[in-house]
Amino acid sequence: MYTIQQTPTYPRATLQANLVLQRRRRMMRLYVQLFPRYVICVLVAIFVLVPILTAFIGGFKTSGELLNSPFSLPIAWQWQNYANVLTQSMFWQAAENSIIVMLATVGLLMVIACPVSFVFARMPFRGREVIFNIMLIGLLFPFAMAILPLYITLRTFHLIDTLLAVILPQVAFGLPVTILILRNFFRDVPQELEDATYIDGGTQVDFFWRVLMPLARPALATVGMLTMVASWNNFLLPLLVLNSPQLWTLPLGITQFQSQFSTDWASVMAFISIAMIPAIIFYLFAERYLITGLTAGAVKG
Amino acid sequence: MQLISPTPAATETTSSQPPRRSRQSALRRMNIILLFLLPSAIIYIVFVFLPIIQAAYYSLYRWNGLVPLSDFVWLKNYQLALSNKIFLGSIGHNLLILVLSLLIQLPFSLLIALVIGKTLPGRTFFRTVFFMPYILSDVIAGLIWQFIYRPDSGLNVVLQHVIPGYQAQLWLADPKIVLPSIFLVMIWKYFGFHMVLYVAALQNIPDEIDEAARIDGASGLQIMRFIHIPLLGNTIRLTILISALGSLQYFDLIWIMSLGGPVHGSETMTTYLFKYGFQSFALGYGSAVGVILFALCFIFAIMYQRFIMAREVEGSLTEAAA
């Protein structure tokens, strides 16, 4: 006949209580596991953010208050410091120079690096690898080692004290990384696409211009953004070659402002904050590209 | 330079050429190559390659950069540099920064990467925050910290409240502690970069491996110790190289925060080069210092790749030059 499986029957309420208890225990275990990790992360986040916030908030204090209680919120929010910086023609001039240098560097770098990466990736000829490797050695050269002769070279071309003296070396020193990233990208595009272009009657230039370049947009964005950040932050080269104050870029402008108003730290903080805001906004939007660029190749293998 | 070169053979085989029917098309191909190659080649040669060669050449002369090169002194500049106490001290400072980076900065970055791991909810937020100082300019970072290190404000005010009877420290004005003070800023600015590399590598470890280990009864810590860290090996070796080359060339933050001082307490090879090469117009001597700096970096990189990396590090030197 039938064998009746005797299942223990609990009242509904107990069953539910058990489930809740189990879930709660599991959550507890998860919390216990995650809690120390969050503590560490939050502590480090405080370490990272406090200096940045000190600058932002410091700009809203009077200098006396800033010195006495550097990390607290202001007693009364002063907009004066920020207003003073924003009405300085020196600030706008420096910002404009920084933007010109940045855009020119990225533009010129892209225009010359894309074709050469294409040759290195897909147009073999004798001696190509040698040339490629000579360009890659640039990665190993400390920029500092080249600055003295670079200065002489720029002087010979009468470029000292022009923005070109910043742009051209930035392009030159940006070439190795850019070529490396772009070449790898171009190389990994399937051969079938190239063959298809030829079957359709296209030339190699067509393939480069109409097929490869549109495909390479993400890679271009990545190297472009890396270059932009490097150019925006560059300090040593402008310090060396730009003498006239009206040519100074933001990093130089900041140091100048600081030495001029060294007693007025609140104004300096306001200046720093205003210079920082575009960089941080840019970073929040471009983070993915920047990080991809920096980790490109580093983690494979 | 096969060391940094990726596999040339592979590229050779994958790229085919369009059918060459005539001499004319071969000529056209050659023209394209030249047209595509020359602009980069010229800029690279003029602004990177020649200056390096010139540095080696100038370093054999005593020269102030104004008169024609005539005072050939052979290796005298090198001899002077290598017997100069301040320069040797600055090499020592560079090495100290290097050792501190390897012993403190990288383990710290690795620890944070492992804490964030593959799964921590909210990890993108923390990654965004931790990486943020890296994109700020050294000038901004340096000035903010210069304020924090002020004798009469910043950190000292806080410590005075927390520790009774605390004596205000001269963070940047005491030759004994200036270097550690600046090093803390370097950690602040750069740990996020290394952490991001580690996190990216962690994310590349397939979940199946973790799964298998868990089924075999490994705890979270064991998975970290015996699976994640060994699989991060290549990335760790790479960050050591990047960090070491960076330490040998470090300039910006130090120049902004202390100008290499006080009393050369934070002088590094680059600040030394800048001071003696530019500010006192000893271009020959400065070039010799530059060549020594380059030689140290180069020897380190070559030995390191040869004996420790053993594998190609294509695309990995991204930061080495920056």
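The values are calculated or read from the model by the stated rules, or taken from the named source; none is laboratory data. In this text the structure is predicted, and so the values were computed from the model without any measurement. Counting neighbours? That spans all protein chains shown, and the Cβs are built from the backbone with ideal geometry, glycine included.
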**Filtered residue count, the stretch A:114-155, keeping only those that are under 16 Å from B:Tyr44 (Cβ atoms) and basic (Lys, Arg)** = 1
**Prompt:** How many of the residues making up the stretch A:173-196 are without any contact (Cβ under 8 Å) to a residue 12 or more places away in the chain and within 10 Å of chain B (Cβ to nearest Cβ)?
**Reply:** 4
**From A:Ile137, A:Ile160, A:Ile167, residue being under 26 Å from the mean Cα position of the chain (by Cα), within 30 Å of B:Gly277 (Cβ to Cβ) and modelled with pLDDT of 90 or more** = A:Ile167
**Message:** Of all residues being of a type in the set (Phe, Trp, Tyr) and free of Cβ contacts under 8 Å to residues at least 12 places away in the same chain in the stretch A:108-155, which is surrounded by the fewest Cβ atoms within 10 Å (Cβ to Cβ)? Just the residue, please.
**Reply:** A:Phe125
**Request:** Would you mind telling me which numbered condition in (1) within 8 Å of chain A (Cβ to nearest Cβ); (2) assigned to a helix (DSSP H, G or I) B:Arg150 fails?
**Result:** (2)
**Boolean, B:Ser83 is under 29 Å from the mean Cα position of the chain (by Cα) and closer than 30 Å to A:Ile254 by Cα** = no
**Asked** If a residue has to be among the aromatic types (Phe, Trp, Tyr) and facing chain B (nearest Cβ under 8 Å) to count, how many in the stretch A:39-81 make the cut?
**Response** 2
**Message:** Filter the stretch B:168-190 down to the residues that are over 26 Å from B:Arg127 (Cα atoms) and under 19 Å from the mean Cα position of the chain (by Cα) and list them by number.
**Reply:** B:Leu179
**Request:** May I ask you to list pairs of residues, at least six apart or on different chains, whose Cβ atoms are under 8 Å apart, with the first in the stretch B:101-125 being closer than 20 Å to A:Leu284 by Cα and the second being in a loop (DSSP other than H, G, I, E, B) and not charged (D, E, K, R)?
**Result:** B:Arg123/B:Gly117
**Request:** Starting from the stretch A:263-283, take each residue that is free of Cβ contacts under 8 Å to residues at least 24 places away in the same chain and list its partners that are aromatic (Phe, Trp, Tyr) and surrounded by 19 or more Cβ atoms within 10 Å (Cβ to Cβ), counting only C-beta distances under 7 angstrom and pairs at least six apart or across chains.
**Result:** A:Val268/A:Phe257
**Prompt:** Which of the residues belonging to the stretch B:207-227 are assigned to a helix (DSSP H, G or I) and within 13 Å of another protein chain (Cβ to nearest Cβ)?
**Reply:** B:Gly220, B:Leu221, B:Ile223, B:Met224
**Message:** Within the stretch B:120-130, does at least one residue satisfy the condition of being modelled with pLDDT of 90 or more, surrounded by fewer than 17 Cβ atoms within 10 Å (Cβ to Cβ) and not in a loop (DSSP other than H, G, I, E, B)?
**Reply:** yes
**Message:** Of all residues being among the hydroxyl-bearing types (Ser, Thr, Tyr) and either farther than 21 Å from A:Trp232 by Cβ or within 14 Å of chain B (Cβ to nearest Cβ) (or both) in the stretch A:82-103, which is surrounded by the fewest Cβ atoms within 10 Å (Cβ to Cβ)? Just the residue, please.
**Reply:** A:Thr87
**Asked** more than 10 Å from chain A (Cβ to nearest Cβ), at positive phi and either more than 18 Å from the chain's Cα centre (by Cα) or of a type in the set (Gly, Ala, Ser) (or both), is that true of B:Gly165?
**Response** yes
